[in-house]
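Structure first, then comments.
The values are calculated or read from the model by the stated rules, or taken from the named source; none is laboratory data. Remember, predicted model here, so these are calculated numbers, not experimental data. Please note: Cβ atoms are built from the backbone with ideal geometry, for glycine as well, and neighbour counts cover all protein chains shown.
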Amino acid sequence: MKKLVTLVLMGLMLTTPAIGAEKYMVSKIKNLLVASDGDFGNCMVELYVSPTTVLSSCADGWVSFSCSGTFAAKSDAKSMMEMAQLAFLLEKEVNIGVDDSKLHNGYCLSSYLAILQ
């Protein structure tokens with residue numbers, strides 16, 4: 001029994017789970033994208049500061065809100081896209097959350113967006 005417990009503990013210590021991370025960053029929005037074919041989660045924003053600066057596993061430049069409903073409620077994603085449009089038009093910086101555990105065609109998901117003054 002002691003050997004079994006030791007083997008189980010060693011196995012747990014040697015395995016590293018693939019856990020995604022959510023990081024936050026500040027940037028202005030460079031471009032907006034809305035698609036209806038399901039690619040990229042149907043809506044994305046391109047940031048002046050690339051999400052790769054906080055999470056290297058994200059694709060460069062763009063972040064998805066998952067307007068397709070794959071990783072977020074469609075209504076929540078639409079609201080975030082509307083906030084992003086407002087920030088884009090007003091040329092305001094945003095504090096944006098970037099999550100590499102949920103990807104649309106390699107692009108990270110954002111489930112947090114705040115417009116800064």
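Key figures for this structure:
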| read-out | value |
| --- | --- |
| Members of the stretch 1-51 that are at pLDDT 60 or above and of a type in the set (Ser, Thr, Tyr) | TYR24, SER27, SER36, TYR48, SER50 |
| Residue list for the stretch 32-56, restricted to those being within 17 Å of SER111 (Cα to Cα) and in a loop (DSSP other than H, G, I, E, B) | SER50, VAL54, LEU55 |
| Residue list for the stretch 105-117, filter: surrounded by fewer than 21 Cβ atoms within 10 Å (Cβ to Cβ) and either within 9 Å of the chain's Cα centre (by Cα) or at pLDDT 95 or above (or both) | SER111, TYR112, LEU113, ALA114, ILE115, LEU116 |
| The one condition in (1) over 19 Å from SER27 (Cβ atoms); (2) surrounded by 17 or more Cβ atoms within 10 Å (Cβ to Cβ); (3) without any contact (Cβ under 8 Å) to a residue 60 or more places away in the chain that LYS102 fails to fulfil | (3) |
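Quick grid of which residues meet (1) touching a Cys at 6+ places or on another chain (Cβ under 8 Å); (2) in contact (Cβ under 8 Å) with a residue 60 or more places away in the chain; (3) closer than 27 Å to GLN117 by Cα; (4) surrounded by 14 or more Cβ atoms within 10 Å (Cβ to Cβ):
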| site | (1), (2), (3), (4) |
| --- | --- |
| ASP37 | no, no, no, no |
| ALA59 | yes, no, no, yes |
| CYS67 | yes, no, yes, yes |
| ASP76 | no, no, yes, yes |
| ALA84 | no, no, yes, yes |
| ILE96 | no, yes, yes, yes |
